[in-house]
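Q: One structure, pasted below without further comment.
The values are calculated or read from the model by the stated rules, or taken from the named source; none is laboratory data. Keep in mind that this is a model prediction, so the values were computed, not measured. Don't worry about glycine lacking a Cβ; one is built from the backbone with ideal geometry, like all the others, and counts go over all protein chains shown. SASA here: full protein model, heavy atoms, side chains in, ligands and nucleic acids out. Shrake-Rupley method; radii C 1.70, N 1.55, O 1.52, S 1.80 Å.
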Amino acid sequence: AYNLGELSEKYDDIESAIKHYSNALTYDKTFSKALFNRARCFTKLKQFDKAIDDYESLNNFNLEKDLVKTLIGNVYCEIGNYDTALKYQNEAIGTNPNRADNYYYRGLSKFKANKIEGALFDFEYSLKLNPDQEKVLFQIASIKRQKKDYQGAFETFNKLVLLNPTNGHNLYNRGLINFSLKKFEESLNDLVEAHRVGVVQATQDIVTLF
């Protein structure tokens, strides 16, 4: 049943995946991986109360407590209950201050709660614990662009391009920052390359900006 759940989830048949994971749990209520995956599926279907119940149940198993707290916090963040999300995520960091993802997810909650400086601190600390995380670099670059720190945003997007030169969205974003810095030739080169690898918005911006 568990393998069928994974297969269903792989093909985005989330309701079937939940049924299979539930069947697996009827045979073995201590099957923490099935519970973990079912909670993730409930979150995808926005059945947040059920997701939280499953994640809370994981506290009864021998799992890393900070991970469970972070996951519960993430669900509350999706609901828009940022205070509760941050409560769980603060507890996660208190339990394990050395997991980079704990800071990343707390940073997302702070960002959505419009606590921009706090979010930037968490993203940068996450990067300190685990350098070269593309998802974290993207958040840092986005905040710097929002703050009109275009040079800082350029440096961060440039790191992303160096880390993953085939990602057209990184090229596209660097191109927009180059435009803000009035580096028009570099901007056009980035947007053309982003267009070449299939970023549709880049095509529109080439026409609009140039």
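Q: Determine whether Ser126 is touching a Cys at 6+ places or on another chain (Cβ under 8 Å) and either among the aliphatic types (A, V, I, L, M) or under 30 Å from Lys69 (Cβ atoms) (or both).
A: no
Q: Within segment 1-28, track down each residue that is touching a residue at least 24 places away in the same chain (Cβ under 8 Å) and under 25 Å from the mean Cα position of the chain (by Cα).
A: Passing the criteria: Gly5, Glu6, Glu9, Ile14, Glu15, Ala17, Ile18.
Q: I've got another one for you. The conditions are (1) within 25 Å of Leu86 (Cβ to Cβ); (2) aromatic (Phe, Trp, Tyr); (3) exposed (fewer than 13 other Cβ atoms within 10 Å of the Cβ), and Tyr27 fails exactly one of them. Which is it?
A: All conditions are met except number (1).
Q: Kindly establish whether Asn60 is of a type in the set (S, T, N, Q) and in contact with a Lys or Arg (Cβ under 9 Å, 6 or more places away or on another chain).
A: The answer is no for Asn60.
Q: Consider only pairs whose beta carbons are under 7 Å apart and that are at least six residues apart or on different chains; among these, list those whose first residue lies in segment 43-61 and is under 16 Å from Ala85 (Cα atoms) and whose second residue is of a type in the set (Asp, Glu) and surrounded by 13 or more Cβ atoms within 10 Å (Cβ to Cβ).
A: These pairs meet every condition: Thr43/Glu78; Phe48/Glu78.
Q: Does Asp54 count as touching a Phe, Trp or Tyr at 6+ places or on another chain (Cβ under 7 Å) and open to solvent by less than 50 Å² (accessible area, probe 1.4 Å)?
A: yes
Q: Continuing with the same structure: Filter segment 62-82 down to residues that are buried (at least 21 other Cβ atoms within 10 Å of the Cβ) and of a type in the set (A, V, I, L, M, F, W, C) and give me whichever is farthest from Ala119 (Cα to Cα).
A: Checked segment 62-82; the qualifying residue farthest from Ala119 (Cα to Cα) is Val68.
Q: Failed condition for Asp83, given (1) farther than 28 Å from Thr30 by Cβ; (2) outside any helix (DSSP H, G or I), with all others met?
A: It is condition (2) that Asp83 fails.
Q: Still on this structure, I have one more. Being closer than 21 Å to Asn81 by Cβ and assigned to a loop (DSSP other than H, G, I, E, B) is the filter here; which residues of segment 96-118 pass it? Can you show your working first?
A: The initial filter retains those residues of segment 96-118 that are closer than 21 Å to Asn81 by Cβ, namely 101-116, 118.
Within segment 96-118, Ala113, Asn114, Lys115 qualify.
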